[in-house]
Amino acid sequence: MLDSILGSLRVVALATKTDFRSVTSREVALFEGPLGWGEFSPFLEYSYSESVPWLTSAVEAAFVSPPPALRSEIAVNATLPALDNAQEIEGLLDSYPGCSVIKVKVGTDPVKDLDRLAIIRELRPDATIRIDVNGLWDVEQAASFLNNVGEIEYVEQPCASVEELRELKKRTSIKIVGDEVIRKAKDPFAVDLSDAVDIVMLKVAPLGGITRALEIARYHKLPVVVSSALESAVGISYGLKLASALPFLDFACGLGTGSLLAVDVEQLPINNGMIRVADVRPEIPLLNKLAVSNERLNWWKNRIRMTWDAGAESFINERGWGQ
């Protein structure tokens, strides 16, 4: 299987519209299997062991039939990076037609964060707002901000650890979503989320694919939101398939992040706040146009080999994929 992956590998660089988590160009590795394309795109700083679930998710997408879809369209939220200019904010929000839910990145500067939320409320007074902190606050910082934030749907990963989240939950009535506390855990099934979070964030690639994400959701028995990790349309389409397979989906999903890219391998248009669940099969001429240098291609090939040896092969063999 590894030879097949490397033989069809295409690596492209996708420019972003704005700085997102210090990313202005997103490199993603794509390969084709008998059931379609898979995407391997852990961020560049991730270790080989941390990248293992990303590779197993990509293999699952390319070699394993997805579960039956229970819905054909998925409601998505707008995602707003840490922008502070009203014109820039409005321009980006306009790229999410019909989205009534807005997820806002906060956490580095409480004054600028509250100003950003005020701008959004002025521009979109009827929008539902959720905020994402990426674990940057301690309990005191989180409690202080949440006391001043006004009405929001939820706060995503306000503090880094389960213990901090559990302490914060005693001090706020705002719903708490667990993201990094699940996807960066050595064993997501061993994390005790009781009295710590209200909702679990599912990201298909960091969690190792649809099968494992569904297992995690069933295990924790909490409402879920499905989100992306700034993937190309190939990776987003797999996240949409995860969302479509969930028995319950009560929240808009963070799967509209293609709007943050200046270019993509295919378009997944947002219509009335919804994206249709569909296969993505990039055109080879476009992949050639967006291709990285041979040096970067070889870097990604080596990364896949090392990630394969770091645990991906064992996981894939245990699942019996590709046999």
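The values are calculated or read from the model by the stated rules, or taken from the named source; none is laboratory data. Owing to the predicted nature of the structure, the values given are computational and were not obtained by experimental measurement. When we count neighbours, we look across all protein chains shown, and the Cβ atoms used for this are built from the backbone with ideal geometry, even at glycine.
Specify the residue that is surrounded by the most Cβ atoms within 10 Å (Cβ to Cβ); the eligible residues are those in region 227-252 that are closer than 17 Å to N77 by Cβ and polar (S, T, N, Q).
S227
For region 7-27, state whether one or more residues are assigned to a helix (DSSP H, G or I) and either of a type in the set (D, E, K, R) or out of contact with any Asp or Glu (no Cβ under 8 Å at 6 or more places or on another chain) (or both).
To start, the set of residues in region 7-27 that are assigned to a helix (DSSP H, G or I) comprises 7.
When the remaining residues are screened for being either of a type in the set (D, E, K, R) or out of contact with any Asp or Glu (no Cβ under 8 Å at 6 or more places or on another chain) (or both), the result is 7.
Within region 7-27, one or more residues are assigned to a helix (DSSP H, G or I) and either of a type in the set (D, E, K, R) or out of contact with any Asp or Glu (no Cβ under 8 Å at 6 or more places or on another chain) (or both).
What residue, of T18, T108, is hydroxyl-bearing (S, T, Y), surrounded by fewer than 20 Cβ atoms within 10 Å (Cβ to Cβ), on the phi < 0 side of the Ramachandran plot and in contact with a Pro (Cβ under 9 Å, 6 or more places away or on another chain)? Walk me through it before giving the result.
Numbers: T108 fails: in contact with a Pro (Cβ under 9 Å, 6 or more places away or on another chain).
None of the others qualify; the one that does is T18.
Under 7 Å between Cβ atoms, at least 6 apart or on separate chains: pull out the pairs that start in region 201-223 with a residue that is in the same structural domain as F315 (by TED's automatic domain parsing) and closer than 15 Å to A185 by Cβ and end on any residue that is basic (K, R) and part of a loop (DSSP other than H, G, I, E, B).
Within 7 Å, no pair qualifies.
Need pairs with beta-carbon distance below 6 Å; first residue touching a residue at least 24 places away in the same chain (Cβ under 8 Å) and under 17 Å from L268 (Cβ atoms) and within region 84-99, second part of a helix (DSSP H, G or I) and of a type in the set (S, T, Y); sequence gap 6+ or separate chains.
S95/S259; Y96/S259
Determine, yes or no, whether G311 is surrounded by 12 or more Cβ atoms within 10 Å (Cβ to Cβ), in contact with a helix residue (DSSP H, G or I) (Cβ under 9 Å, 6 or more places away or on another chain) and outside the structural domain of V11 (by TED's automatic domain parsing).
no
Going through L261, L290, L255 one at a time, which residue ends up being assigned by TED's automatic domain parsing to the domain that holds F31, under 30 Å from E73 (Cβ atoms) and in contact with a strand residue (DSSP E or B) (Cβ under 9 Å, 6 or more places away or on another chain)? Working first, answer last.
Details: L261 fails: assigned by TED's automatic domain parsing to the domain that holds F31; L255 fails: assigned by TED's automatic domain parsing to the domain that holds F31.
Exactly one of L261, L290, L255 is assigned by TED's automatic domain parsing to the domain that holds F31, under 30 Å from E73 (Cβ atoms) and in contact with a strand residue (DSSP E or B) (Cβ under 9 Å, 6 or more places away or on another chain), namely L290.
Among the strands (runs of 3 or more DSSP E) confined wholly to region 57-138, which include 1 or more residues that are of a type in the set (S, T, Y)?
The qualifying strands (runs of 3 or more DSSP E) are 78-80, 128-132.
Could you please find all residues in region 31-56 being under 18 Å from E266 (Cα atoms) and either under 17 Å from the mean Cα position of the chain (by Cα) or not in a strand (DSSP E or B) (or both)?
Scanning region 31-56 gives L35, G38, E39, F40, S41.
Mind checking which residues of region 139-170 are surrounded by fewer than 14 Cβ atoms within 10 Å (Cβ to Cβ) and in a loop (DSSP other than H, G, I, E, B)?
Hits for region 139-170 are G150, E151, K170.
Just to check your reading of the model, which residue among A82, A143 is of a type in the set (A, V, I, L, M, F, W, C), more than 19 Å from T257 (Cα to Cα) and in the same structural domain as L202 (by TED's automatic domain parsing)? First the steps, then the outcome.
Working: A82 fails: more than 19 Å from T257 (Cα to Cα).
Only one candidate qualifies: A143.
For region 1-60, give me each residue that is more than 19 Å from P206 (Cα to Cα) and among the charged types (D, E, K, R).
Residues satisfying the conditions are D3, R10, K17, D19, E32.
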